[in-house]
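A.B. asks: Below is one structure. I have some questions about it.
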Protein chains: 2
Amino acid sequence: MDFPKTDRTTLKRLPKRGVYERDIVYPILDEAFVCHVGFTVGGQPFVIPTGFGRVDERLYIHGSQISRMLRTLAGGIDVCVTVTLLDGLVLARSAFHHSLNYRSVVVFGRASMVDDRESKLAALRAFSEHVIPGRWDEARQPTDQELKATAVLSLPLDEASAKVRTGPPIDDEEDYALPVWAGVLPLRLVAGTPVPDPRLPEGTEVSSSVLQFGNS
Amino acid sequence: MDFPKTDRTTLKRLPKRGVYERDIVYPILDEAFVCHVGFTVGGQPFVIPTGFGRVDERLYIHGSQISRMLRTLAGGIDVCVTVTLLDGLVLARSAFHHSLNYRSVVVFGRASMVDDRESKLAALRAFSEHVIPGRWDEARQPTDQELKATAVLSLPLDEASAKVRTGPPIDDEEDYALPVWAGVLPLRLVAGTPVPDPRLPEGTEVSSSVLQFGNS
C-alpha cells in the first residue's frame, strides 16, 4: 500500500517529483548508509547523522547521540528522518538550470526508544546487515551488557515520501543553441581496497561479506 | 579563530571527536555537495537536503523548497545545517563495535532570506563553484528574472563543530584473538564518464570544468 499524501509530505514545489510508492521509497532507504535525523528540543532544531536499518515497515535508528538529548522525554518525540543519495551533477547551458540528480526520502513520525532485548537485537542486526550484508554472522554477537549500552530509536514507516531527479538538464528553449557542453556527470559511492586492522594476524583472509560487498 | 564551544555544539557523547577549528570545519563543508537543513515549523521538525556554498564566513543555502515554508517568517529562522561525508565502513571483530568512518559538520544559527541582487548573484556563483569549479564562467549567466526566482538563505558561520572518525576498529581487548577479519572498507564518491545531453550538437567538446573535475 502506498504512503498517504499528507500535508507534511505533499511537496509544495515541483510536486511532480513526489513519490509515495513503498517499492520506490524502500530501496532508497535500503541503499543509504546514513540518515539525518531532525528533532526539536526547546525550540531548537537539531540534525544528527546516524546509522539505521529498516525491518519491514519500521526504521531502527542508531540513537546513542540522540538519546542523550532525549532521555527526559517519555512517549517519543516527533522526528523527520531524511535520506539522500547523490547520483550526479546536472550541468545545464545556463547557470540557473544547474541541478543535482538524486534520490531522497523524508519520513515523518514519532520515534520512541526501544527497550526490550529482542527488539534491540533485531535493530543491531538491521544496522549491520543494512551496511554490509552477511557481516552479522561473521562477527561476535552482542552481549547483554552491549545490548543495554546500545540506544535504539524505533520509527514506524507510516508517513513518507521520495523525491527523485534523473536525466539530462532542462534548459530554456533558446539556450539549446549555446555552444556550451551540457549533460550529466554521474556520481557513485564506491568501495576501495579493504584495509586490514593493523592488529590482525598476518594471513587472515578477508571475510566473504567484505569480498561480496557491492556485488549484490 | 576557532568556533566557540557552546551548549549546542559541545558533544555530549564521545567529546574527543568534537572539533572546532575553522581549518577543519571548512574543508568538510567545501567537499560536500549537499547539506541537510533542519528547521521547525509549528513544532514539527523538517530536514531538507539542498545545495549550498560557502563564501568566507557565511553559508548560502539553496532555499527554494525551504523558503516556501518560511515565507511568512520575517527576521529569519533558527536552523541546524548538517553536512556528512562518508569515508568508510569500520568492520570490527564484534558486531557491537562496528562503526563508520566519516567527517561531519553541524552549524547552528539563524538563517535569513537574501534579497539583494548582488548577494544572490554571489550565492548562485558559490553554489556553482562549490559543485564544479570553473563551471560558472562556462554557462550563461543568470538574468534578473532568474535571480528573482532564486530563493537563497544566508547563514553566518558563527557556531559550528565537526565530528571526525578515522582509523581501524577499536575492539574489546579480548576480542582481538578472534579469527575474524577486521579493518576498514574505504568508501569514496567518484565521478563516472560524462553523459552528454541528448540535444547537444554532435562533436561538442566536453568543457574544461568537467574534464578537470576531481583533479584538484
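A.B. asks: Cut-off 10 angstrom, C-alpha nodes, Gaussian network model of chain A. Which of A:G183, A:G134, A:G76 fluctuates the most?
C.D. replies: A:G183
A.B. asks: Still on this model: So what's the angle, to the nearest 10 degrees on a 0 to 90 scale, between helix A:22-31 and the longest Cα principal axis of chain A?
C.D. replies: So the helix axis and the longest Cα principal axis differ by about 70 degrees.
A.B. asks: If you put a point 7 Å past Cα along the Cβ direction, how far is that point for B:D116 from the same point in each other copy, in nm, smallest first?
C.D. replies: 6.1
A.B. asks: Something else about it: Using the charge dipole of the range B:154-196 (Lys, Arg: +1 at Cβ; Asp, Glu: -1 at Cβ; taken about the Cα centre), state which of B:V195, B:L157, B:P168 has its Cα farthest towards the positive end.
C.D. replies: Farthest towards the positive pole: B:V195.
A.B. asks: Sticking with this structure for a sec: Nearest 0.05, what FRET efficiency do B:K5 and B:T204 give at R0 = 60 Å with Cβ-Cβ as r?
C.D. replies: 0.70
A.B. asks: Could you list the trypsin sites (Lys or Arg not before Pro) in the range A:58-119 that lie in coil according to DSSP, counting only those with at most 13 other Cβ atoms within 10 Å of their Cβ?
C.D. replies: Answer by residue number: A:R71.
A.B. asks: Provide the gained length on full extension for the span B:Q212 to B:D158, in nm with one decimal, where the gain is 0.36 nm per separating residue minus the Cα-Cα distance.
C.D. replies: Using 0.36 nm per residue and subtracting the Cα-Cα distance, I get 16.2 nm.
A.B. asks: Let me confirm one metric for peptide B:204-214, namely the mean number of other chain beta-carbon atoms within 10 Å of its residues' beta-carbons.
C.D. replies: Average neighbour count from other chains, rounded to a whole number: 3.
A.B. asks: Sticking with this one: Using the 7 Å Cα-to-Cβ label point, sort the distances from A:V164 to its equivalents in the other copies shortest first and give them in nm to one decimal.
C.D. replies: 3.8
A.B. asks: Oh, and also: Binning at 5 Å from 0, report for the range B:63-145 what percent of all alpha-carbon pair distances ends up in each bin.
C.D. replies: So the P(r) values, bin by bin, are 3, 10, 13, 16, 16, 13, 11, 7, 6, 4, 2, 0.
A.B. asks: Given +1 on the Cβ of Lys and Arg, -1 on the Cβ of Asp and Glu, and no further charges, what dipole in debye does chain B carry about its Cα centre, rounded to the nearest 20?
C.D. replies: Computed about the Cα centre, the dipole is about 560 debye.
A.B. asks: What's log10 of I(q)/I(0) for chain A at q = 0.08, 0.16 Å⁻¹, Debye sum over Cα points only, no solvent?
C.D. replies: -0.38, -1.16
A.B. asks: Just need the relative contact order of chain B here, percent rounded to a whole number, with Cα pairs under 8 Å and 6+ apart.
C.D. replies: About 26 percent, as a whole number.
A.B. asks: Round to the nearest 10 and give me the degree value, 0 to 90, for the angle of helix B:117-131's Cα axis relative to the longest principal axis of chain B.
C.D. replies: Relative to chain B, helix B:117-131 is tipped by roughly 40 degrees.
A.B. asks: A further question follows. How far is the Cα center of the range A:80-136 from the Cα center of the range B:184-216, in Å?
C.D. replies: Their Cα centres are 25 Å away from one another.
A.B. asks: Which FRET efficiency value, to the nearest 0.05, is calculated for B:L189 and A:V41 with the Förster distance at 30 angstrom and r the Cβ-Cβ distance?
C.D. replies: Using R0 = 30 Å, I get an efficiency of 0.40.
A.B. asks: Can you list, shortest first in nanometers, how far B:V41 lies from the same residue in the other copies, with each label 7 Å from Cα toward Cβ?
C.D. replies: Here the equivalent label points are 2.5 nm apart from this one.
Bear in mind these aren't lab numbers, they're just calculated from the coordinates by the rules spelled out. None of the values given here were measured: they were computed from a predicted structure. Neighbour counts run over all protein chains shown; Cβ positions are idealised from the backbone, glycine included.
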